[in-house]
Amino acid sequence: MPVLRKRELEKRIRSLRVDMGPVKVRGWDWDSPPVRPPYDVRLGVSEVASRYCETMRDIFVRRVLGRKGVMTPHATRGVLFHETVAKAITDAKRFLFREGVTPGYKMLEELLVRSTDSVKSIMEGEVPLDLFEEAVSLYKYIVVQIASEVDRVLSKHPYIDLDSLVAMSIPPVAERVVDGSLIGLGSQLRVDLYSEGGVVVDIKTGERRDFHKLSPTGYALAIEADIEMPVDFGVIAYVRVDKWPVFRYEVFPITDELRIQFLSLRDEAMAIVANAEDPGRPERCPETCPLREVCP
């Protein structure tokens with residue numbers, strides 16, 4: 001992966017697997033408790049997992065009262081960075097499928113020149129100039145990492161075929177669509193990155209929070225319900241751009257404890273929607289909450 005090299009990820013997972021116990025709570029058990037949804041409600045993974053609002057009143061305001069929030073600067077940065085990473089990965093794949101087995105420097109020659117236009121193509125509306133420049137910097141960083149990985153693979157396997165080159169140097173799926181309806185989630189969920197071997201990668205742009213692990217957990221359960229393949233590990237990729245992009249990674253096993261925690265929150269959120277229950281305001285409302293101005 002461009003944000004975490006495949007061999008580095010494999011080393012981290014190998015050490016975690018040694019101490020990992022058996023996983024009993026799987027998404028493919030969608031017709032049995034605790035995975036079976038208690039209500040006929042569909043939720044997004046982020047609605048359940050992003051517990052900045054501790055009482056879940058954000059779900060009540062959005063789903064029951066029908067009120068919409070605003071795009072905060074924090075949310076705008078998150079969306080743009082997610083789209084930028086996906087765009088860089090897609091552009092790199094398109095280049096290789098068009099040109100064939102080609103050294104990384106040729107990819108860089110084309111994609112770096114197009115970086116500004118590429119980021120503009122994914123923007124919805126105007127964004128501050130400094131944020132736009134951060135996104136361009138991130139795009140360039142990702143394509144440089146991919147080009148470097150292409151050259152590393154070619155150096156090791158000089159007679160490699162195109163499909164193998166793409167598979168070994170670029171993440172298999174960016175923005176993978178997953179049907180989570182069997183476990184009470186949306187039918188068009190989008191996973192930031194999904195790698196072979198059952199690894200879900202979620203990109204975050206804010207400070208670390210304990211509940212961030214719940215997003216890959218929700219996606220893991222949805223993937224298991226959708227295609228009945230085990231997903232045992234998650235990666236949180238924290239990205240910030242100052243003078244240049246900086247990535248920090250948290251690799252973890254998606255344990256039964258995390259799975260039960262996610263499903264319990266899902267059930268609580270479903271009850272709020274199904275029964276129109278107001279859970280009340282939290283003691284502290286996050287300043288970055290997009291619903292602050294419409295939360296009665």
³J(HN,Hα), Karplus 6.51/-1.76/1.60, whole Hz, each residue of the stretch 122-132, x for Gly, Pro: 9, 7, 10, x, 7, 10, x, 4, 5, 5, 4
Mind computing the radius of gyration and Dmax over the alpha-carbon atoms of the stretch 143-196? Å is fine for both. 15.4, 47
Mean Cα-pair separation over length for the chain, i.e. relative contact order, pairs under 8 Å, 6 or more apart, %: 31
Global form of the stretch 113-269, assessed from the alpha-carbon gyration tensor, a/c cut-off 1.5: oblate
Per residue of the chain, what 222 nm ellipticity follows from adding -39500 (n - 2.57) for every DSSP H run with n ≥ 4, rounded to the nearest 500? -15000 deg cm²/dmol
So what's the angle, to the nearest 10 degrees on a 0 to 90 scale, between helix 73-99 and the longest Cα principal axis of the chain? 40
Size of electric dipole in the chain: Cβ of Lys, Arg +1 and of Asp, Glu -1, about Cα centre, debye, nearest 20: 440
With +1 on each Lys and Arg Cβ and -1 on each Asp and Glu Cβ, how big is the dipole of the stretch 43-146 about its Cα centre, in debye rounded to the nearest 20? 420
Leaving ligands, DNA and RNA out of it, report the carbon-plus-sulfur percent of the accessible area of the stretch 91-202 at a 1.4 Å probe. 51
With the other protein chains left in place, how much accessible area per residue, in square angstrom, belongs to the chain at a 1.4 angstrom probe? 50
The stretch 5-51 - Rg over Rh from alpha carbon coordinates, Kirkwood radius: 1.14
Between (i) 32, 32, 17; (ii) 34, 25, 16; (iii) 32, 21, 18, which entry matches semi-axes √(5λ) of the Cα gyration tensor in Å as derived from the coordinates of this structure? (ii)
Rounded, prolate or oblate: which fits the stretch 1-141, taking a ≥ b ≥ c as square roots of the Cα gyration tensor eigenvalues, rounded meaning a/c under 1.5, else prolate when a/b beats b/c? oblate
Across LYS68/LYS243; LYS93/LYS204; LYS11/LYS87, pairs whose alpha-carbon gap is larger than 31 Å: LYS68/LYS243
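The values are calculated or read from the model by the stated rules, or taken from the named source; none is laboratory data. These numbers come from a predicted model, not from an experiment. Cβ atoms come from the backbone with ideal geometry, glycine included; neighbour counts cover every protein chain shown. Calculation scope for accessible area: heavy atoms of the full protein, side chains included, ligands and nucleic acids excluded. Shrake-Rupley method; radii C 1.70, N 1.55, O 1.52, S 1.80 Å.
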